[in-house]
Each structure stands twice: as C-alpha cells, then as structure tokens.
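Each reported figure results from applying straightforward, stated rules to the coordinates on display, with no laboratory input. Since this is a predicted model, take the numbers as computed values, not measurements. Because the Cβ atoms are built from the backbone with ideal geometry, glycine has one as well, and the counts that use them run over all protein chains shown.
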C-alpha cells in the first residue's frame, strides 16, 4: 500500500468516525421526543405508534450500521413489536400487556441511547 | 468504462452519508433518494447502474419500490441490492423473489458490501466472490 493509499484510507476512517459521531449526537438529541412518545402511548394515545415505529426503524438500522449493537438491538425489539401491533390497521388497538411490553422495550432503548459513547469503538 | 453510478435509497441521512463516503472511496459515483415516492423518479432522472435499497422507508416500503422498478420498461434491468436491518430470514426470500439481486443484513462488513456491489455490477473476478453472509440471486 502506497503512502497515498494510507492517507486516503485514514481520511476515509476519519470521515466514517465523524458520521458515526453525528448519528449518536442526533439520536441522543432525539431522546426527549422518544420519552414524549412513550408517555403519550402509555397514556393511551395511539397516534404516536407510527411515529415511534419510524423512529425505532431508523435507530435499528443506524445503530447496526455504526456499530452501536445494544442500541440497534433495543430499537429492533421496539420496531418488531410495533410491526406486529400496528400491522395494516390505520387505528391499532393495543392490549394492556402489549402496551406494558412496548413501554418496557422503549425505556430500555432510552437507557441504551443515553449510555452510549463513541469511545473505544471503530 | 465510465464511473458507475449508484442510487442510495435510505431515509437516514447518516446512513446515506456513510455509504456515499465508502462508495466514493472505492471509485463509484452516487445519487440519493429518501423515500418510496421519490425513488423511481430519481432513478429515471439519474439512470443509475445499481440501486442500494433499504426496506423500511416513508411513503411505502422497499418491496413496493422493487415492484415499481421491475415493471418499468427501462429501470427493470438495474440490479437492486437490499441493505436492511430487518431479519434476513423473514425478508430476504421475499426480496429476491420480488426481483432484488442481493440481500445484505445490517451491519454490513465493508469488504462484503463492496464485493456484493461489484458482483451485481458484473465487475468481480471469480476469486473475489462475496462470502456466505450475502445472499445473491
């Protein structure tokens, strides 16, 4: 590998590290929204379900892409649960035990996002 | 042979940027779409050589996009590589049957990612075939 190639690869890794940091910053910046959505859903407002599904999908994919495995796994649980609960219904009805599970998974996601740092990872 | 252009379809700006950086580093040109509604229009305008497609998108999912592309007279020949965090067991067979060329589950190893793209573009020598993690039609 030539010095040019080494420089080029170092620049690539630097750019990818910056994007990874941007993902985490944006995701942590969205924590108030996530908490609000969970509170609304827990209070019986099902209009937040689709918004939470979209959010969880983004974090599931982004977390996996940028090597935040715990965040991705928790977001995936929320997304999968919502995929089943919402299905094709425009006005989904969520049973109490499903609601408890969803809120529990959502709170775990909040904790994982809050605890994540970019240190010690690629 | 000119520079190959790849359309990245993903609603997450950081994922789009990450793919763009990796592909540019490897000598590809890129263009973007962020939802199911704009994807076909962007494909018609940009005429990409390959499409990288997420499954969960606003305004309709990735399967809907594959269907729309596969019935289009000129866009139907463009190889589609699905890159999704969704469980491959539940989605890859459906994606390949719908017309996708390959299915990769996030997180995707960079070397594997590029090998699958080169294979889909017909650029790969036999010794550089992608590993088992990628499902290629």
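Points worth noting:
- Normalised by the number of residues in chain A, the mean separation of alpha-carbon contacts (under 8 Å, six or more apart) gives a relative contact order of 30 percent.
- Fewest-first ranking of B:81, A:6, A:94, B:108, using other Cβ atoms within 10 Å as the exposure measure: A:6, A:94, B:108, B:81
- Computed FRET value (nearest 0.05) for residue A:103 with residue B:72, which takes r as the C-beta separation and R₀ as 51 Å: 0.75
- Region B:5-136: Cα Rg divided by the 2.2 N^0.38 Å rule of thumb: 0.95
- Here the contact order of chain B, divided by its residue count and restricted to Cα pairs under 8 Å and six or more residues apart, works out to 19 percent.
- Neighbouring Cβ atoms from other chains, within 10 Å of the Cβ of residues in A:54-65, number 6 on average.
- Beta bridges assigned by DSSP with both partners in the protein assembly as shown are antiparallel in approximately 10 percent of cases.
- Computed on chain A, the Cα convex hull volume stands at 104 Å³ per residue.
- On the principal axes of its alpha carbon atoms, the protein assembly as shown extends 60, 45, 32 Å, with the longest extent given first.
- Seen against the Cα atoms of chain A and their longest principal axis, helix A:48-65 is set at about 20 degrees.
- Cα long-axis angle, helix A:31-42 against chain A (0 to 90 degrees, to the nearest 10): 20 degrees
- Helix A:96-115 axis, angle to chain A major axis (alpha carbon atoms, nearest 10°): 20 degrees
- DSSP bridge pairs, chain B: antiparallel proportion in percent, nearest 5: 10 percent
- Per-pair calculated FRET efficiency, R0 = 22 Å: residue B:3 and residue B:110 via Cβ, rounded to 0.05: 0.70
- Computed from the C-beta positions of residue A:31 and residue A:84 and an R0 of 30 Å, the FRET efficiency is 0.75 to the nearest 0.05.
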